[in-house]
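Have a look at the structure below, then the notes.
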Amino acid sequence: MITISSRLQRIKPSPSSMAGQRARELREQGKDVVGLTSGEPDFDTPENIREAAYQAMEDGKTKYTDVGGTPALREAIADKFRKENSLEYSKEQVIVCTGAKQVIFNAFMSTINPGDEVIVPVPYWVSYPDIALLAEGRPVFVQSTVENRFKMRPQDLEEAITDKTRWVVLNYPNNPSGAVYSREELAALAAVLLRHPHVMVLTDDIYEHIIYDNKKYATIAEVEPGLKDRTLTVNGVSKSYAMTGWRLGYAAGPRELIRSMVKLQSQSTSNASSISQAAALEALTGPQHLVGERLKIYAGRRDYVTSRINKIPGLHCHVPEGAFYVFPLCQGLFGARTRAGQTIENGDDFVRHLLDSEMLVALQGAAYGMPAHFRISFATSMERLAEGCDRLERACLGLEK
Ligand code: PMP
């Protein structure tokens, strides 16, 4: 008999990882599947970064490093924060982890006591609530609306804060909605947070460089320096440099918090891979032109996908300001019937219909806290996107009202 801890029973496997696996399984069975679920760039890791990894191996950088990351990488991260975000951190205020996901895990695990609350704006990246639950915390959801461009309103944040609030999570450009807060909007949220000094802020800036229409990115500790002492600014190389498989994320924040996260990591994974750290050092300090070139490609795909979806009766797609996802509303099709006689009642039914009728894999909005939506990733080739949009259109037109 294997006993599973109650802590683990509180959480579910990541729906995006599961959907990706499902698409791979169907493909292995010879099915003509189009999967638009992938939360990672379709591009290769740039050559200079791969070269740096080979060189690290040649140079014998294959041993344990400091748990919190090599001094060289932590310095480079502190430089990145100084140059790009006008944030001053010493290298003791920086931690390197095995992906941004582990940064968040370390942060919650080292600060949350049973029953502490974590405010998670909706829609949210699937892992925030589950990592909070794993840490025996309680996610508290703050709704947003399409009309509000999926952004949390200051008054809703104010209402959600209690004596038990430990963290507020911010994530913009947002996965799944692509929402980006302007400086003014951040200042308004910061004004609420300044009134509640017991609340810490975790800002997940992983899509910082994937931001459209020449918008300039601003992170909350930069907009409101009064919050810097209680903000953990999370980032990583996965999305900006197409390095998801290298598993390298990082953060900067208050010294004591970083020290606790390093302590936790010393008893779990130890340092992130030494080779990935060398590669990340090159990513942050080497040529940056590919980041901008790839952004232009994403922008073209974004325009294509949103305009195709907005032509499909029953769907409505907001144009994302950043990241590489669209999060259309499919409520207009609720009540419609499939050829097999099933009624579409929610986003789960809709996503199932896409798979059953067209072998198109998308993700159900419920996984992100908004069940009337679904998520499509456009981090894939134009050809696949065109095929995906054709299938989406056929699946919708095939429904009977
Ligand atoms: N935060 C968000 C919002 C993400 O979408 C992802 C990846 N899907 C992560 C964090 C995790 O990034 P990493 O690969 O660095 O663990």
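The values are calculated or read from the model by the stated rules, or taken from the named source; none is laboratory data. Just so you know, these numbers come straight off a predicted model, no measurement behind them. Neighbour counts run over all protein chains shown; Cβ positions are idealised from the backbone, glycine included.
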Checklist entry - Do we find that A283 is at pLDDT 95 or above, buried (at least 18 other Cβ atoms within 10 Å of the Cβ) and part of a helix (DSSP H, G or I) in this structure? => result yes
Checklist entry - Any residue at all in the range 188-207 that is touching a helix residue (DSSP H, G or I) at 6+ places or on another chain (Cβ under 6 Å), among the aromatic types (F, W, Y) and within 16 Å of K80 (Cβ to Cβ)? => result no
Checklist outcome for this item: Residues of the range 219-240 being within 19 Å of Y124 (Cα to Cα) and touching a residue at least 60 places away in the same chain (Cβ under 8 Å), in sequence order, are T219, L232, T233, V234, N235, G236, S238, K239
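In the range 189-221, what residues are away from the ligand (no atom under 16 Å from the Cβ), assigned to a loop (DSSP other than H, G, I, E, B) and aliphatic (A, V, I, L, M)?
Those that are away from the ligand (no atom under 16 Å from the Cβ), assigned to a loop (DSSP other than H, G, I, E, B) and aliphatic (A, V, I, L, M): V199, A218.
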Next on the checklist: I'd like the full set of residues that are in a loop (DSSP other than H, G, I, E, B), β-branched (V, I, T) and in contact with a His (Cβ under 8 Å, 6 or more places away or on another chain), limited to the range 308-364.
Outcome noted: T338, I344
Checklist entry - If we scan the range 142-160, do we find a residue that is under 20 Å from G322 (Cβ atoms), in contact with a helix residue (DSSP H, G or I) (Cβ under 7 Å, 6 or more places away or on another chain) and either within 12 Å of the ligand (Cβ to nearest atom) or acidic (D, E) (or both)? => result no
Checklist entry - Name the residues in the range 113-135 that are in contact with a helix residue (DSSP H, G or I) (Cβ under 7 Å, 6 or more places away or on another chain) and in a loop (DSSP other than H, G, I, E, B), would you? => result P123, Y124, V126, A135
Next on the checklist: Restricting to the range 33-47, name every residue that is among the aliphatic types (A, V, I, L, M) and away from the ligand (no atom under 16 Å from the Cβ).
Outcome noted: V33, V34
Item to check | Check on S177, surrounded by fewer than 22 Cβ atoms within 10 Å (Cβ to Cβ) and small (G, A, S) | outcome: no
Checklist entry - Between residues in the range 125-142 that are farther than 21 Å from Y207 by Cα and residues that are in a helix (DSSP H, G or I) and among the basic types (K, R), which pairs lie under 7 Å by C-beta distance while being six or more apart or on different chains? => result L134/R7; E136/R7
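Listed here are the residues, each with its yes/no results for (1) among the aliphatic types (A, V, I, L, M); (2) within 16 Å of the ligand (Cβ to nearest atom).
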site: E25; (1), (2): no, no
site: K31; (1), (2): no, no
site: I49; (1), (2): yes, yes
site: A52; (1), (2): yes, no
site: G60; (1), (2): no, no
site: P71; (1), (2): no, no
site: K80; (1), (2): no, yes
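Which one of S238, S276 is buried (at least 22 other Cβ atoms within 10 Å of the Cβ), within 16 Å of the ligand (Cβ to nearest atom), within 15 Å of I104 (Cβ to Cβ) and modelled with pLDDT of 95 or more?
S238
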Checklist entry - Of the residues that make up the range 111-127, is at least one closer than 30 Å to Q277 by Cβ, of a type outside the set (S, T, Y) and surrounded by fewer than 21 Cβ atoms within 10 Å (Cβ to Cβ)? => result no
Next on the checklist: With the structure loaded, tell me whether A367 is under 24 Å from V142 (Cα atoms), part of a helix (DSSP H, G or I) and either of a type in the set (F, W, Y) or touching a residue at least 24 places away in the same chain (Cβ under 8 Å) (or both) or whether it fails that test.
Outcome noted: yes
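Return the residue satisfying two criteria in turn: it lies in the range 241-255 and is under 17 Å from the mean Cα position of the chain (by Cα), not in a helix (DSSP H, G or I) and not basic (K, R), and of such residues it is surrounded by the most Cβ atoms within 10 Å (Cβ to Cβ).
If we take residues in the range 241-255 being under 17 Å from the mean Cα position of the chain (by Cα), not in a helix (DSSP H, G or I) and not basic (K, R), then A251 is surrounded by the most Cβ atoms within 10 Å (Cβ to Cβ).
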Checklist outcome for this item: Note: among L315, L227, L248, just one is within 16 Å of the ligand (Cβ to nearest atom), modelled with pLDDT of 95 or more and in contact with a helix residue (DSSP H, G or I) (Cβ under 7 Å, 6 or more places away or on another chain), namely L248
Checklist outcome for this item: So, first residue within 14 Å of N271 (Cα to Cα) in the range 65-83, second residue in a loop (DSSP other than H, G, I, E, B) and modelled with pLDDT of 95 or more, Cβ within less than 6 Å, six or more apart or across chains; the pairs are T65/N271; V67/S270; V67/N271
